[in-house]
1. Working only within segment 331-350, note down all residues that are at pLDDT 95 or above and either assigned by TED's automatic domain parsing to the domain that holds Gly279 or farther than 22 Å from Asn184 by Cβ (or both).
2. Can you name the residue in segment 157-173 that is more than 10 Å from Lys203 (Cα to Cα) and touching a Phe, Trp or Tyr at 6+ places or on another chain (Cβ under 7 Å) and, of all such residues, is surrounded by the most Cβ atoms within 10 Å (Cβ to Cβ)?
3. Pull up segment 17-51, narrow it to residues that are in contact with a Gly (Cβ under 9 Å, 6 or more places away or on another chain) and not aliphatic (A, V, I, L, M), then point me to the one that is surrounded by the most Cβ atoms within 10 Å (Cβ to Cβ).
4. Which condition number in (1) surrounded by 18 or more Cβ atoms within 10 Å (Cβ to Cβ); (2) at pLDDT 95 or above is the one that Glu266 fails?
5. Starting from segment 273-285, keep only residues that are over 17 Å from Lys333 (Cα atoms) and free of Cβ contacts under 8 Å to residues at least 40 places away in the same chain, then list their pairs with residues that are assigned to a loop (DSSP other than H, G, I, E, B) and among the charged types (D, E, K, R) whose Cβ atoms are within a distance under 6 Å, requiring at least 6 positions of separation or different chains.
6. Specify the residue that is farthest from Asp390 (Cα to Cα); the eligible residues are those in segment 320-340 that are in contact with a Ser or Thr (Cβ under 9 Å, 6 or more places away or on another chain) and of a type in the set (Val, Ile, Thr).
7. Being at pLDDT below 95 and on the phi < 0 side of the Ramachandran plot narrows it down to one residue among Ala454, Ala403, Ala417, Ala409; which is it?
8. Run down Leu353, Leu247, Leu307 and say which single residue is of a type in the set (A, V, I, L, M, F, W, C) and assigned to a loop (DSSP other than H, G, I, E, B).
Amino acid sequence: MDFQKKVLIIGTGKSGINAAKLLLEKGAEIVFYDDNVSLDTEKLLSGFDNCNDIKIVLGKVNQEILSHIDLAVISPGVAIDSMVANAVREYNIPIWSEIELAYKAGAGYLAAITGTNGKTTTTSLVGEIFKNYTENSFTVGNIGIPYTEVALDMNDDSYTVAEVSSFQLETIVDFKPHVSAVLNVTPDHLDRHYTMENYSSVKLDVCRNQTEEDYLILNYDDEVTKSMVGDERVQAKVVYFSRLHSLEEGVCIKSESIVIRENGQEVKVIDLADLLLLGAHNIENYMAGIAVAYYMGIPLENIITTLRVFKGVAHRIEFVNEINGVAYYNDSKGTNPDAAIKGIQAMNRKTVLIGGGYDKGVSFDDWIQAFDGKVKKLVLLGQTAEMIADTAKKYDFTDVVFADDLKEAVDIASREAEPGDAVLLSPACASWGMFDNYEQRGDMFKEFVNQLGA
């Protein structure tokens, strides 16, 4: 494809910068846009070897700029109904997501994983399986490495697994994985998508360009994903996984083992007792990962070898330290109530819970009800603190204390916890506003915890 165009990069974060680098290497001219008029442009340009083909526009775009633009690449953090996106559409300029750009520039065999929860763990698992099979593999997307950063390193024999978000799927055009997966759909990002119908529809767009030669992996136990098969976009072969039901076809559990059933045949993959990650949600992640890898054509022996040693990912119910008999866990990846519920369910002792953060327009009722006598104290911070406290009070949970920042929250939690208890950071909210991302929040939590024992 000809990339020698004049391209507007909307957003100057990590995604936008890597998209710009890819396009510059392909011979494009770049116009960076950011609504932050006080952006440090020197710092932005310092990351590029050659700035001659880069122009920066801050505040708003005008007719003079847009009339010369051939293509816009929008960063996931910029809403598609934002002022700049609407202005671009008025000029009939195509808008691509970062994953669309990377897909057009990349090569090889692609699997894409989306869903509200479990994406990072499942993508990491599939990435490790691919790595076990071939050195020519890539694990990209929301998981930390932008797809555009490595797209030009791929060839026809590469195996890539991408964690993709609803924000990225909003602006795909030809993006087409051989195997796609929608793990689950629960309320999240409603400040961006407005309704659950919109949100679930965007998730299903991951399979929009797939054909009957491709595969779509769906969670049979999730009512939203189970019902997706009736959508006209589903042309791929559907493969279900289920923790709760015995399936005639798909990945399920039989006699405490995960099995694959296909064309009337059954293959045992692994005993549940041989898996290192605990919790029902992780069994689902394992099954989804097995399905993705198997239908990508990875030999079963490579899959099984990886399953036996896979230890999960940072920031997802990650054990940090035990100090004075109190176990500390980092679940900063619990950025919505459903994910945070799984964090609570994984605890096997009385728990002091740290929560709160950015308001994504979701309800916290189910999260509070999931405390189920396990949470002894709730420490809240961030934009949603008062809202969560009010919800807790509605369910007669009043052991709530507020903190101004994460360090204070850790200090409070350490005082409230007794030997034999756990302290769990599982915010049920995004990190924005107080932190750059959930990784920074989790890393700071671990730092503050380890300072307690210093």
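1. Lys350
2. Val161
3. Tyr33
4. (1)
5. Listed by first residue and then by second, the contacts come to Leu276/Lys311.
6. Here the answer is Ile323.
7. On the way: Ala403 fails: at pLDDT below 95; Ala417 fails: at pLDDT below 95; Ala409 fails: at pLDDT below 95.
Exactly one residue qualifies, and that residue is Ala454.
8. When all the criteria are applied, what remains is Leu247.
The values are calculated or read from the model by the stated rules, or taken from the named source; none is laboratory data. For clarity, every value in this text was computed on a predicted model and none was experimentally measured. Cβ: placed from backbone, ideal geometry, glycine included. Neighbour counts: every protein chain shown.
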